[in-house]
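K.L.:
Next up is a structure, given as structure tokens.
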């Protein structure tokens, strides 16, 4: 899985609003929730794949999810007037503006 710098920045901004303390090691985690994925806040687990920006872990992906999204790119979409995280298939041309 690839995470664009735009997505990392968006995740970091979101963490500043939901971390219990600025010193917390909490990050966003992508976890399996039935047939879909869910974003939650929690401590990265040892087996998680992690993504950092500015030395700060902003995203962890549990192994069951990592194998399913390994060829995808996490990016942001601003086309609807708000910022949304989106998965892009690498076969769809990758991430624009990454």
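K.L.:
By DSSP, what percent of the beta bridges with both residues in the chain are antiparallel, rounded to the nearest 5?
P.N.:
The antiparallel fraction comes to roughly 80 percent.
K.L.:
For the chain, what is the calculated [θ] at 222 nm in deg cm²/dmol (nearest 500), taking -39500 (n - 2.57) for each run of four or more DSSP H residues and dividing by its residue count?
P.N.:
Only helices count here, giving -6500 deg cm²/dmol.
K.L.:
Using Rg and Dmax of the Cα atoms in Å as the read-out, say which of (i) 13.1, 39; (ii) 14.0, 42; (iii) 19.1, 63 was calculated from these coordinates.
P.N.:
(i)
K.L.:
Suppose a student asked you for the relative contact order of the range 13-98, using Cα pairs under 8 Å spaced at least 6 residues apart; what percent would you report? Intermediate results must be reported in sequence, preceding the final value.
P.N.:
On the way: 121 pairs, mean separation 16.5, N = 86.
Answer for the range 13-98 is 19 percent.
We did not get these values from a lab; they are worked out from the coordinates using the rules stated. Being a predicted model, the structure only gives us computed values, none of them experimental.
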